[in-house]
Amino acid sequence: MMKWGAKMKVVLKRLIKEGHKDTAVTLYRELIAESRKEAGCITYELYEDTKQANLIAMIEEWEDIKALEAHKQTVHVRRLVPLIDKITAEKFEMEMYSRIV
């Protein structure tokens, strides 16, 4: 059960198509820079898998679900995410967690 006032952690994994990782990283750099300016953004970082370099994970932390939902509606998310979707090899995985302690 999600606590509406709790801090939120999001882990989003994508497998980037071969030959498109540099493009993905460029798009993510812009997405990260803009997202970190948003109210309620605590952390917004990109990682690569240690065994499979084209598997990347965006790990985000937000003050609460309201901040996360506002983030999803921003101009930069609505512009950049579809571009990233085009170079994603398969459906991405997204997990959301609300802080307990």
Relative contact order as a percentage, segment 1-55, C-alpha pairs under 8 Å and 6+ apart, gives 39
Ordering Met96, Met58 by the accessible surface of their heavy atoms, 1.4 Å probe, largest first, yields Met96, Met58
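For Glu30, Glu61, give the ranking by accessible area with the largest first, probe 1.4 Å. Please list the in-between numbers first.
Details: Glu30 75, Glu61 25 Å².
My answer, sorted largest first, is Glu30, Glu61.
With the full set of protein chains in place, find how many percent of the accessible area of the chain is carbon and sulfur; take the probe as 1.4 Å. Walk me through the numbers on the way to the answer.
Working: 3620 of 6550 Å².
Solvent-exposed carbon and sulfur of the chain make up 55 percent of the total.
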Ranked output for segments 68-79, 7-18 by mean other Cβ atoms within 10 Å, highest leading, reads 7-18, 68-79
For the chain, averaging the sequence separation of alpha carbon pairs under 8 Å that lie six or more residues apart and dividing by its residue count, the contact order in percent is 47
Phi-derived 3J(HN,Hα) across segment 39-48 with the Karplus relation (6.51, -1.76, 1.60, θ = phi - 60°), rounded Hz, x for Gly and Pro, is 4, x, 7, 9, 9, 7, 9, 10, 10, 10
Rounded to one decimal in nm, the spacing of the 7 Å Cα→Cβ label points at Lys66 and Thr50 is 3.9
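How much accessible area per residue does the chain have, in Å², with a 1.4 Å probe?
On the way: 6550 Å² over 101 residues.
Accessible surface, normalised per residue, equals 65 Å².
The values are calculated or read from the model by the stated rules, or taken from the named source; none is laboratory data. Values in this document were obtained by computation on a predicted structure and should not be read as measured data. Using ideal geometry, Cβ is built from the backbone for each residue, glycine included, and neighbour counts are taken over all protein chains shown. Calculation scope for accessible area: heavy atoms of the full protein, side chains included, ligands and nucleic acids excluded. Shrake-Rupley method; radii C 1.70, N 1.55, O 1.52, S 1.80 Å.
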